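The block underneath contains the structure these notes are about, expressed in structure tokens.
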Amino acid sequence: MTFFSILCALLIEQLKPLRADNQVYGGIKALAMRIEGWFNAGEPKNGRMGWILMMAVLVLPVALVYWVLQYFGLVFLAFAWNVAIVYLTLGFRHYSHYFTSIQLALNNGDEASARTLLAEWARIDTVGMDATEIARIAVEMSLITTHRSVFGVFFWFLMPAGPACAVLYRVSEYLARAWNEPEHMRNEAFGQFAAKAFYWIDWIPVRLTAIAFAVVGNFEDAIYAWRNFANRWADESRGIILAAGGGAMGVRLGTPNENAAQLLPVDAALVDLTDTENDVLPGEEPSLRALQSTVGLVWRALILWMILLLLLSSMVWLG
């Protein structure tokens, strides 16, 4: 059921992509803002209480419905519930229009439009960026977004609670951003627990995604970059994805800040620092070709995940 639930959700999303500003996500954002307003008293324990309440409100009902349907043997309804939750938690097509539009703009030599699109997507200042930097950040955003919106969801959907775990992953990822990224929330103690919780929730998925990139790309370069450069990013998880993804494609992504003390915003570009000769990341400078390579890498990794899911499901059926 797990494999076919994910397959059906992916097919539905290809036919009818769920907008990133849909009503379900809007309701979650409104609830997160309300809980932050209720609990934020400037201490980490307040953030922990708010996080637990948020999960209780959103995860427990999903788990309850799933277990009730399973208990009464309502297989078709349970399958439909799984597909619906996976469809809502996946984000394979949420931001793909940005990536595609940026690629088309750069292909047409329209750097101004590409900068505008990238600014909307990454929420950063893109004034003065050249085509190379635009391509680099677009590739980084695509790899990070794909991991957190697709592969991380896949992993947690395989857990015993199924759809409830997928919701847990996506909501925790959102809270790590919503309670740490905005200007008024940066350096706030309230968001510390949300950031730490997502770090541990994402600890295994982020490494599985890096392995997938290595397997479907240049394995040796991906592993080399992962081992030697991932820990130099301020955000370790981000560093693993970008180091392995860049190595797999032979593209130099980011300029990691060695021994960085502060966590970067989840959807912001990496700090641009000058590395010493021994610290330079391997690979070529990003170009329009890197955007095309990113699409291929993501799709090959997705196919790999689906094949592994099919094999796992087959073992369960035969066992």
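Tell me which residues, restricted to the range 158-180, are more than 15 Å from the chain's Cα centre (by Cα) and assigned to a helix (DSSP H, G or I). If the condition is that a residue be more than 15 Å from the chain's Cα centre (by Cα) and assigned to a helix (DSSP H, G or I), then 163, 164, 165 are the ones that fit. Kindly indicate whether any position in the range 159-179 is open to solvent by 20 Å² or more (accessible area, probe 1.4 Å), of a type in the set (Asp, Glu) and under 25 Å from residue 295 (Cβ atoms). Within the range 159-179, not a single residue is open to solvent by 20 Å² or more (accessible area, probe 1.4 Å), of a type in the set (Asp, Glu) and under 25 Å from residue 295 (Cβ atoms). Selection over the range 1-14 of residues that are open to solvent by 40 Å² or more (accessible area, probe 1.4 Å), at pLDDT 90 or above and under 21 Å from the mean Cα position of the chain (by Cα) gives a count of 4.
Going residue by residue through the range 181-193, is there one that turns out to be under 16 Å from the mean Cα position of the chain (by Cα) and open to solvent by 10 Å² or more (accessible area, probe 1.4 Å)? For the range 181-193, residues under 16 Å from the mean Cα position of the chain (by Cα) and open to solvent by 10 Å² or more (accessible area, probe 1.4 Å): present.
The single condition among (1) out of contact with any Gly (no Cβ under 9 Å at 6 or more places or on another chain); (2) modelled with pLDDT under 90; (3) of a type outside the set (S, T, N, Q) that residue 167 does not satisfy is (2). Annotation: of all residues in the range 20-41 being assigned to a helix (DSSP H, G or I) and open to solvent by less than 30 Å² (accessible area, probe 1.4 Å), the one that is farthest from residue 164 (Cα to Cα) is 35. Every condition in (1) over 14 Å from the mean Cα position of the chain (by Cα); (2) modelled with pLDDT under 95 is met by residue 92 except one, and the failing one is (1).
For the range 241-253, the criterion of a residue being in a helix (DSSP H, G or I), modelled with pLDDT of 90 or more and in contact with a His (Cβ under 7 Å, 6 or more places away or on another chain) is satisfied by at least one position.
Each residue in the range 95-133 was checked for being part of a helix (DSSP H, G or I), at pLDDT below 90 and open to solvent by 60 Å² or more (accessible area, probe 1.4 Å), and 1 of them qualify. Could you tell me whether residue 144 is part of a helix (DSSP H, G or I) and over 19 Å from residue 29 (Cα atoms)? Spelling it out, residue 144 is indeed part of a helix (DSSP H, G or I) and over 19 Å from residue 29 (Cα atoms). Residues in the range 199-220 that are closer than 18 Å to residue 157 by Cβ and not in a helix (DSSP H, G or I): 202 alone. Each residue in the range 135-164 was checked for being farther than 22 Å from residue 96 by Cβ and touching a residue at least 40 places away in the same chain (Cβ under 8 Å), and 5 pass.
Residues considered: 79, 92. Of these, the only one that is touching a residue at least 40 places away in the same chain (Cβ under 8 Å), assigned to a helix (DSSP H, G or I), open to solvent by less than 60 Å² (accessible area, probe 1.4 Å) and not charged (D, E, K, R) is 79.
Residues of the range 222-242 that are among the charged types (D, E, K, R) and open to solvent by less than 70 Å² (accessible area, probe 1.4 Å): 232, 235, 236, 238. The residues listed here are 17, 44, 61; of these, the one that is open to solvent by less than 80 Å² (accessible area, probe 1.4 Å), touching a residue at least 24 places away in the same chain (Cβ under 8 Å) and farther than 27 Å from residue 304 by Cβ is 44.
The values are calculated or read from the model by the stated rules, or taken from the named source; none is laboratory data. This is a predicted model, so every value here is computed, not measured. All Cβ positions, glycine included, derive from the backbone under ideal geometry; neighbour counts span all protein chains shown. These area figures cover heavy atoms from the full protein model, side chains too; ligands, DNA and RNA do not enter into them. Shrake-Rupley method; radii C 1.70, N 1.55, O 1.52, S 1.80 Å.
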